[in-house]
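Notes to accompany the following structure.
What follows draws every value from the coordinates through simple rules; no lab data is involved. Note that the coordinates shown come from a computational prediction; the quantities given were computed from them, not determined experimentally. Note that we place each Cβ from the backbone using ideal geometry, even for glycine, and neighbour counts take in every protein chain shown.
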């Protein structure tokens, strides 16, 4: 075999280069091996962890809120299933596209789209955004069928709050809403913040929902889900040690049936509308208390709002509408409506007079007006009442009688009696804000006018105004109801609204006797009885049955001073004034007269007359209360009774329930 | 009829089969078997759609390898240029009759089989260059005039493949061609000069936007994959997680969570090493690397032993081709090389690479069988003319 000379050289070079390449390849392979060592041995733990993170997501399970029941176990706030669609911005790519796709399947309003886009812009790509909720079952199945084609969209059957009685219990129960950015910032606990970010989570925003939020909220649980790269859940593993705990239920003292009836009665227009016109809407409130326990049976304020709207998220336009309405539908007037008590305050003046030594047979002749200071004080009855004693003065609500007393009484004594009867203070109900009202006294006036010393002096004229519940005196319907309950029972009744909490039924605290002579009180009671049952100012407001026998006191409090016609100089009738200048109408009452169980206060804003407007409304409410007589019925006890099912109520009392809904 | 061929036929079929390098076949089969098993696992424990086809393709390709191996090297020498030009024509045709897939036109549809000429070009280019240097006097190798032809032979397919666009394959073709020129004995001086020119060329290519955005993205993502975990670096980050979480012993056959849960794309092709690494761990991955290295060293060994320059350059070129595939692919899935879409030979699912690689090793086999033939010519006149 020949060996070619030229081949020797190139063979040699080839061998060298081939060896070089082989060496290089071996080195590079060693590099690969080294890299394998790095990944699989040195950094193994790290990658193992990342792999598990890939596979397993921890998800927070939003706990169910505790339910809220009324005094007989009727649900006031429950949880209902909510089919919704969530969007995870991180996975969706274009959010606008995802919404567009979803819009092809179900209808989404532009407002919803805008909201989703806004939330997405807030830049929490990993947090799901609710893009559609409260879907029907049909919509939900349709969405579920199409959803796998759209990355980033996820459907969920969650829970949401349901307020079956809508606006009737709005102020008692309150409402829930999604946590705001502000809530998130204020919350310091990381786990709670995470819970706040869950799309289904709602925070108590008003009423019982807000004040007892931590009790109602429950405890969040967690869930380990195995997901694939598309975020699709392959398997779910509930974390045994970390199951969600539903919030504790609360039982209130409210009687939903009476509450709905009270709402209906309050909302009835009291002025006959002109032909073809809509009746003027009423702004009124009522409180009914059980005297024995202080339980608030009815806390009604109209107009109100539907808390379900707030749960879903109320639109800006609707919010403005509610906020700007002169009827204040967002205000719980039983706690936050502050009114001059008017003639209902005469009960206190009469008590104070007795404490100052005036006998019930103290007589005053009313001629229709008295001269005091530099002007006439005119009694509401132009011709005057004639001569009357203390009972008669209550029965006829004679102003002159009290002006006479006021000239001989010290304001501080009146203030003291007022406070003993429950005015000028707030009560720890665990329910929203509460106005304190005003019980004027010398000290109060100094404090009130601390920046203008020349106004700090208490004038005798001030006492005259205060004696008939005008001037500086101001109180809330709740305070008036407490006052009535205290007069009726002679004991220091304190209102409450939470009856049952997680530990069971809370026994009502025993109430000590008032520091008021019961003989004095008896005169007041007799006067109140006469108001209704002996042709007094509220004789139209007698109850249906004689044995129910209600005692009461009317009140008409001026919003502006008496208006006179500039030409004739005559008083202008209330009806002829614009609404906002008309008098407030008040009525306080209790029943039955001989064995008082219920106290009631009704205030009709600009209702013109206590006897014409507030009295009849109180009568209708008390008729319903007496007919049911809830104090004698066995109330709900979670250790013994099952709560009432909503479906059962709507079947048995469909009429009254639907009557409570707009 | 040549005397050599007649001599072979006298030995009979058994002797000819015995002359084959069966170790080569054993290693190739082991690697392909790993491919079948991994594809079975990727399909979540199913023979379809990949594992069965992969096995059948391998058997077909093995038959092809043996056929090529049994054919005298002299024939392949004569086929070198025709093969090169044939594949080049196919590459030229691709833009006109090719199928568009994932934004690139790389395939020619041959009634169900997607022919990807660029894969065959790697083998054909090695053959053609080996043929060129086989007949070139050594002192002319570093002569720029004689360098023109081989550079043209490399440049034409590289350009065509780059236009498809398939940057990864184009670079691999270029690298293989240049490696063969190096093996042929290009002087270091010329090599250095060429390297400098190449660097200038790359800078120019970037400056004049010859690279597509996704190609640049892929390269930059490789440099810092964690910077953009859901963008182009996402695959890389996920692939590293898969391999890393395999640990020393792996999660066990069919036990890979990353791959089974679809965190990785294209698992049956470019990213197949990740699931293998995840399920078989460091032990398995090193084993596979050893098999590839063994294959390469056998090719080197055959090249060293071959008396013909054609056989030498071709075997070495085929071996280097394989090793480049492996380095780029495994380097890529472990974050050491850019994500350029290069499959793992014999393991990734894909007919073209399988056939090209097996055909290439068929040529290596032929070189082995004919290792003692030097000129590959029966006549002496040929050498007379170049001496």
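Take the alpha-carbon centre of the stretch A:413-445, take the same for the stretch B:160-207, and report the distance between them in whole Å.
Between the Cα centre of the stretch A:413-445 and that of the stretch B:160-207, the gap is 95 Å.
At a Förster distance of 60 Å, what's the computed FRET efficiency of residue B:113 paired with residue A:137, Cβ-Cβ distance as r, to 0.05?
Here the calculated transfer efficiency is 0.75.
Highest mean first, how do A:186-194, B:331-339, B:360-368 rank when packing is the count of other Cβ atoms within 10 Å averaged over residues?
For the peptides A:186-194, B:331-339, B:360-368, the packing ranking is B:360-368, B:331-339, A:186-194.
Calculated FRET efficiency, residue B:15 and residue B:290, Cβ-Cβ r, R0 25 Å, to nearest 0.05?
With a Förster radius of 25 Å, E is 0.20.
When Cβ neighbours within 10 Å are restricted to other protein chains, what is their mean count per residue of peptide B:131-143?
Mean partner shielding for this stretch: 2.
Would any residue of the stretch B:147-177 have its amide N under 20 Å from a label point 7 Å out along Cα→Cβ of residue B:208? List them or say none.
Within reach of a label on residue B:208, which here means backbone N under 20 Å from a point 7 Å along Cα→Cβ, the stretch B:147-177 contributes B:151-168, B:170-171, B:174.
Per residue of A:50-59, what is the mean number of Cβ atoms on other protein chains within 10 angstrom of that residue's Cβ?
4
Calculate how steeply helix A:518-533 sits against the longest principal axis of the alpha-carbon atoms of chain A, using the helix alpha-carbon long axis, and give the answer as 0 to 90 degrees to the nearest 10.
Helix A:518-533 and the main axis of chain A meet at about 90 degrees.
Against the longest principal axis of chain A, how steep is helix A:137-146, in degrees 0 to 90 to the nearest 10, with axes from Cα atoms?
20
Fewest Cβ neighbours within 10 Å first, please rank A:44, A:402, B:325 accordingly.
So the ranking, lowest neighbour count to highest, is A:44, B:325, A:402.
Starting from a Cα-only point model with no solvent, please compute log10 I(q)/I(0) by Debye for the stretch A:132-281 at q = 0.13, 0.16 1/Å.
Taken in order of the listed q values, log10 I(q)/I(0) reads -0.86, -1.10.
R0 = 56 Å: FRET efficiency of residue B:64 with residue A:146, Cβ-based, nearest 0.05?
Efficiency for this residue pair is about 0.70.
Would you mind putting A:541-551, A:45-55 in packing order, based on average other-beta-carbon counts within 10 Å, highest first?
A:541-551, A:45-55
Relative contact order of chain A: what whole-number percent is it, with Cα pairs under 8 angstrom and at least 6 residues apart?
Relative contact order comes out at 14 percent.
If we count other beta carbons within 10 Å of each Cβ, what is the order of A:224, A:349, fewest first?
Exposure proxy ranking, most exposed first: A:224, A:349.
For the protein assembly as shown, what does -39500 (n - 2.57) per DSSP helix run (n ≥ 4), summed and divided by total residues, give at 222 nm, in deg cm²/dmol to the nearest 500?
Theoretical 222 nm ellipticity from helices: -15500 deg cm²/dmol.
Angle, helix A:44-55 long axis vs. longest principal axis of chain A, Cα atoms, 0 to 90°, nearest 10?
Around 50 degrees separate the two axes.
Could you tell me how far the Cα centroid of the stretch A:128-177 sits from the Cα centroid of the stretch A:304-333, in Å?
Their Cα centres are 21 Å away from one another.
Determine the shielding of peptide B:269-281 by partner chains: average, over its residues, the number of Cβ atoms on other chains within 10 angstrom of each Cβ.
The mean count of partner-chain Cβ atoms within 10 Å per residue comes to 1.
Expressed in nm to one decimal, what extension gain is obtained for the pair residue A:562 and residue A:580 from 0.36 nm per residue of sequence separation less their Cα-Cα distance?
Contour length minus the Cα-Cα distance gives 5.1 nm.
Which ordering of A:472, A:163 is given by a fewest-first count of other beta-carbon atoms within 10 Å?
If I rank by nearby Cβ atoms, fewest first, I get A:472, A:163.
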